[in-house]
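Computed from the coordinates by the stated procedures, all read-outs in this text should not be read as laboratory data. Because the structure is predicted, anything quoted here is derived from the model rather than measured. FYI the Cβ positions are ideal-geometry reconstructions off the backbone, even for glycines, and counts take in every protein chain you see.
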Number of protein chains: 2
Amino acid sequence: MNAANDKAVVLLSGGLDSATTLAIAVQQGFQCYTLALDYGQRHRSELTAATQISRLLGAFEHKQVKLDLRTIGGSALTAEIDVPDADRDSQDIPVTYVPARNSIMLSLALGYAEVLSAGSIFIGVTAVDYSGYPDCRPEFITAFEALAQVATKAAVQGQQLAVHTPLINLSKAEIILQGMSLGVDYAETISCYQADANGLACGQCDSCVIRQQGFVAAGQGDPTRYQI
Amino acid sequence: MNAANDKAVVLLSGGLDSATTLAIAVQQGFQCYTLALDYGQRHRSELTAATQISRLLGAFEHKQVKLDLRTIGGSALTAEIDVPDADRDSQDIPVTYVPARNSIMLSLALGYAEVLSAGSIFIGVTAVDYSGYPDCRPEFITAFEALAQVATKAAVQGQQLAVHTPLINLSKAEIILQGMSLGVDYAETISCYQADANGLACGQCDSCVIRQQGFVAAGQGDPTRYQI
């Protein structure tokens, strides 16, 4: 694909998946506008990581939007609920799920894409090695694309909008190998749900464990900086 | 319909339409949780009006979520673009359109509904006497309902979510008559895009003119407090 001069909004959390997604969008030739959401998450250092990663990977511009989801509550990532250790055998959606987070983030990206006259949004969801969040599944992305076709002034005027999910069918190991081939420095990314102020990871939560297993499966050393 | 004890999230802007929508939801027996969005709008007094209306009409609880859409810009309601006088003959979508606003607001309502285990969202969109915004049309609401069926943990677990749009086929005059029959005091509502700090309306913008014409068509005195 040659997307030279095409603009794309890239959702960037500061984690491993979204950093890889940005690297892919840049490599495809998109002029990338990265967007991070400050939703009151415990792991504040991921926002600093997002700003840094945007610059390192050659995005055109980075913006951080503040939306305090603590007002509505309901997640271990925002409310006063403890982040649990990983339980990879559970079939339940964990308490780290943030209600409607990807709907909210994609809606913001949709509005920003319209302001920029951008025809593409990139989001680093994956439905392989993940926590079972409903808004990471292909059927969710398809439904959002359908919404986008009727939601905006740009759409009414004929502007198409594509939601790109380059990771959706990749394992964590495949994501890591692809990112490394594109020069992503994973030491700069923060996946941990309870990273400390210095960006050091706990090594115990679901997100940390999935990431660790990914580096092992990829046969790569884990560059993550841990608290212990 | 008897919705006794059923919870509903009601999007409340402080304007005429959303106040009427709340009155309808209360009358249908829903336990109403009103949600206002502080998106950096010029017309700050509508947020005060929303809080007041929620109490007057008997909502169970009111929350105001802050999301600064000025970060992404693109609207006369948030950015430094002048609000134009009404041009009711124009076929264009006006500059007061806020990119993806209803997608964002419904996504927030969806998250809040999930936290509350509520099966209903009410939004006061109307596709009759309106400004031509794409995200007020029935096809947009239908697409959002389809998204909601795959977007949340609640949906995966079988909780249905309905988006109620009781005004969508009503003229402004019909909305006013219905609201008056339910005891809505429209003097408390603010529709103006550039209401002053005291809540006084300009009388010139698109929203003011549509509202004025509604009171005339309904054969009712206009209780709106104007600046001049």
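Which length gain, in nm to one decimal place, applies between residue B:71 and residue B:156 when the Cα-Cα distance is subtracted from 0.36 nm times their residue separation? The partial results should precede the final answer.
On the way: separation 85, 0.36 × 85 = 30.60 nm, distance 3.32 nm.
Answer, rounded to one decimal: 27.3 nm.
Along region A:20-32, what does the Karplus equation 6.51 cos²θ - 1.76 cosθ + 1.60 (θ = phi - 60°) give for ³J(HN,Hα), rounded to whole Hz, x for Gly and Pro?
Here the 3J(HN,Hα) series is 5, 4, 4, 4, 5, 5, 5, 5, 6, x, 6, 7, 9 Hz.
If I build a Gaussian network model for chain A, linking alpha-carbon pairs within less than 10 angstrom, which residue out of A:158, A:183, A:29 has the largest mean-square fluctuation?
A:158
Between residue A:95 and residue B:87, what FRET efficiency follows from the Cβ-Cβ distance if R0 is 30 Å, with the result rounded to 0.05?
Numbers: r = 51 Å, r/R0 = 1.69.
So the FRET efficiency works out to roughly 0.05.
Assume the label is 7 Å from Cα along Cα to beta carbon: what separations in nm does residue A:183 have to the matching positions in the other copies?
6.7
Please give the Cα centre distance for region A:157-212 versus region B:191-210, rounded to the nearest Å.
46 Å
Run through the other copies and list how far each one's label point is from that of residue B:171, in nm with one decimal, shortest first; the point sits 7 Å from Cα along Cα-Cβ.
Going from nearest to farthest copy, the values are 6.5 nm.
In a GNM of chain B with a 10 Å cut-off on Cα contacts, which of B:215, B:122, B:140 has the highest mean-square fluctuation?
Taking springs between Cα atoms under 10 Å, the residue moving most is B:140.
Among residues other than residue A:133 whose Cβ falls under 9 Å from its Cβ, what is the net charge (Lys/Arg +1, Asp/Glu -1)?
On the way: positive: A:101, A:137, B:153; negative: A:135.
That sum, taken over residues with Cβ under 9 Å, equals +2.
Considering every pair of different Cα atoms, what Kirkwood radius, in Å, is found for the protein assembly as shown?
Numbers: mean 1/r = 0.0438 Å⁻¹.
About 22.8 Å for the protein assembly as shown.
Between copies, how far does the label point of residue B:220 sit from its twins, in nm, shortest first, when each point is 7 Å from Cα along Cα→Cβ?
The projected label point of residue B:220 is separated from its counterparts by 6.3 nm.
Using a 7 Å offset from Cα along Cα-Cβ at residue A:226, what residues in region A:186-204 end up with backbone N under 15 Å from the label point?
A:191-196, A:200-204
Given B:7/B:153; A:66/B:153; A:63/B:66; A:66/B:63; A:7/A:63; B:7/B:172, which pairs have Cα atoms separated by over 22 Å?
On the way: B:7/B:153 18 Å; A:66/B:153 24 Å; A:63/B:66 17 Å; A:66/B:63 17 Å; A:7/A:63 15 Å; B:7/B:172 27 Å.
In this structure, A:66/B:153; B:7/B:172 lie more than 22 Å apart at Cα.
As a test, work out the antiparallel percent of DSSP beta bridges whose residues both lie in the protein assembly as shown, rounded to the nearest 5. Don't jump to the answer; show the numbers that get you there.
Details: 3 of 39 bridges.
Percentage antiparallel, nearest 5: 10.
Estimate the FRET efficiency between residue A:117 and residue B:171 by the formula 1/(1 + (r/R0)^6), using the beta-carbon distance for r and 30 Å for R0, to the nearest 0.05. Kindly include the intermediate steps, with their values, before the conclusion.
Numbers: r = 34 Å, r/R0 = 1.15.
That pair, residue A:117 with residue B:171, gives E of 0.30.
Once you have the alpha carbon radius of gyration of region B:105-215, what is it after dividing by 2.2 N^0.38 Å, with N set to its residue count? Mind dumping the intermediate values first?
Working: Rg = 16.4 Å, N = 111, 2.2 N^0.38 = 13.2 Å.
That ratio works out to 1.25.
In a shell of Cβ-Cβ distance under 13 Å around residue A:155, excluding residue A:155 itself, what net charge do Lys and Arg (+1) and Asp and Glu (-1) give?
Values: positive: A:153, B:137; negative: A:114, A:145, B:135, B:139.
Taking every other residue near residue A:155 into account, the sum is -2.
Pick from B:34, B:78, B:189: which residue has the top mean-square fluctuation in a GNM of chain B where Cα pairs under 10 Å get a spring?
So, out of B:34, B:78, B:189, the one fluctuating most is B:78.
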